[in-house]
């Protein structure tokens, strides 16, 4: 079951385990320059609002209502990143692993393959939580992604249109699968044993066509600038995931005018540009986890044209304020909890 | 509400064990209060802070804002507004669910509907 809590999608799997859950949120961020240089991770600028699509049924096209899920506002050429968190065992604060598939326009952002139900390891079409704290774009090379950038569906920029030649789905699609209970129980047992061993060796010290009239095009995601980000290999193997108990969600993306027409709410303000951010002396981020191996980029995704490159081919300039930018970098490392890492990326310099 | 301060301090100190950014001073700065004030909150010397500060502190520490507000003896203003709009309906609903187990409550929680795509 999926609930919407404080603009977060929370996936719970009570039939598997009380701690089997994950939360997914969409963070507003800077659009990195699309200039073929490779940039570090941009900051988080707060969550995108999310609303139940069913609440606005009378203002939406029938096919949008049929998909279900949620709707989020996003400006044209605005970027986003996706933040993940999982549930923790209460006794040992051990995370409950969850496998998550992310697609845009029903094209997998990890493997570049068309959407299929279930998980695949060849090529890997999912990320593993909590090892993967966030995802900023399409996996185009080992250690490099192209940033998720919102563009109108039908203009030819989105990954979906570039790979299928059609503008049908748009939006974001997510599916999550918890680790099988018996595998988690065994993981927890081994963890408990390792803790006991450690205690014996060193005792502790004391003590996101409407009926009304806004622009009709939905939004989809397209590949933007290059960014350093590793997508980690599944350290557990395909067999550990409980694919009988997965949950999935379609995230419809609306531009500002659509959002206002659908919900009656004002959309968030336009985020600052990368140049404005850098001018203020604020840093971007790097994340380093030596304990996990990165997967190779997907050939299908590596062949995508970036928004700027596609704009040049179409004789258009789709990205305003696309100047290159040099900025200081803050290196983030894996933390005891993902919340800490998230806060680090979200809150700026420390 | 000494439990609020004690819990906040325990969570912050646990995070600080692996990340120095969770020192009293740095957390206070990110939450937007004086370190001395945060210290007094943690020690239960002063009453829990405003709703906005409590929510910022909860998010900073990776905690659920509603749980933190409850510990502070408060109910979030958005929840109050929801109840004020349909007081009888929500009062009846909450009272009926008072003794219900978590799994029963999850059955009445609104889920995000998955459709055909």
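The values are calculated or read from the model by the stated rules, or taken from the named source; none is laboratory data. Since this is a predicted model, take the numbers as computed values, not measurements. Cβ: placed from backbone, ideal geometry, glycine included. Neighbour counts: every protein chain shown.
Among the residues of segment A:237-282, those identified as part of a loop (DSSP other than H, G, I, E, B) and touching a strand residue (DSSP E or B) at 6+ places or on another chain (Cβ under 7 Å) are A:242, A:246, A:255, A:267, A:268, A:271. Selection of segment A:1-24 for residues being in contact with a helix residue (DSSP H, G or I) (Cβ under 9 Å, 6 or more places away or on another chain) and at the interface with chain B (Cβ under 8 Å from one of its Cβ atoms) yields A:1, A:3, A:6, A:12, A:14.
Taking the criterion of being part of a helix (DSSP H, G or I) and either more than 8 Å from chain A (Cβ to nearest Cβ) or surrounded by 12 or more Cβ atoms within 10 Å (Cβ to Cβ) (or both), the residues of segment B:99-117 that qualify are B:102, B:104, B:105, B:106, B:107, B:108.
Just one of (1) out of contact with any helix residue (DSSP H, G or I) (no Cβ under 8 Å at 6 or more places or on another chain); (2) surrounded by 23 or more Cβ atoms within 10 Å (Cβ to Cβ); (3) within 22 Å of residue A:235 (Cβ to Cβ) trips up residue A:143, so point out which. Just one mismatch for residue A:143, condition (2). Quick one: residue B:70 ticks every box in (1) modelled with pLDDT of 90 or more; (2) more than 22 Å from residue A:55 (Cβ to Cβ); (3) touching a helix residue (DSSP H, G or I) at 6+ places or on another chain (Cβ under 8 Å) bar one, so which box is it? For residue B:70, the failing item is (3).
Condition check ((1) within 26 Å of residue A:293 (Cβ to Cβ); (2) surrounded by fewer than 23 Cβ atoms within 10 Å (Cβ to Cβ); (3) modelled with pLDDT of 95 or more) across all residues:
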residue: A:210; (1), (2), (3): no, yes, no
residue: A:223; (1), (2), (3): yes, no, yes
residue: A:240; (1), (2), (3): yes, yes, yes
residue: A:248; (1), (2), (3): no, yes, yes
residue: A:255; (1), (2), (3): no, yes, no
residue: A:260; (1), (2), (3): no, yes, no
residue: A:263; (1), (2), (3): no, yes, no
residue: A:266; (1), (2), (3): no, yes, no
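Of the candidates A:51, A:31, A:47, the single residue that is surrounded by 22 or more Cβ atoms within 10 Å (Cβ to Cβ) and under 18 Å from the mean Cα position of the chain (by Cα) is A:31.
So which helices (runs of 4 or more DSSP H) are wholly in segment B:18-81 and hold at least 2 residues that are within 14 Å of chain A (Cβ to nearest Cβ) and over 12 Å from the mean Cα position of the chain (by Cα)? Before you say what the answer is, go through the steps one by one.
Values: elements: B:24-31, B:35-43, B:51-60, B:65-71.
Qualifying helices (runs of 4 or more DSSP H): B:24-31.
Of all residues in segment A:54-75, those that are part of a helix (DSSP H, G or I) and either surrounded by 24 or more Cβ atoms within 10 Å (Cβ to Cβ) or at the interface with chain B (Cβ under 7 Å from one of its Cβ atoms) (or both) total 4.
Residues in segment A:93-134 that are under 21 Å from residue A:161 (Cβ atoms) and assigned to a strand (DSSP E or B): how many? Before the answer, list the steps.
Our first condition is that a residue be under 21 Å from residue A:161 (Cβ atoms); within segment A:93-134, this holds for A:101-116, A:125.
Narrowing the set further to residues that are assigned to a strand (DSSP E or B) leaves A:101-104, A:107-108, A:114.
Going through segment A:93-134 one residue at a time, the tally reaches 7.
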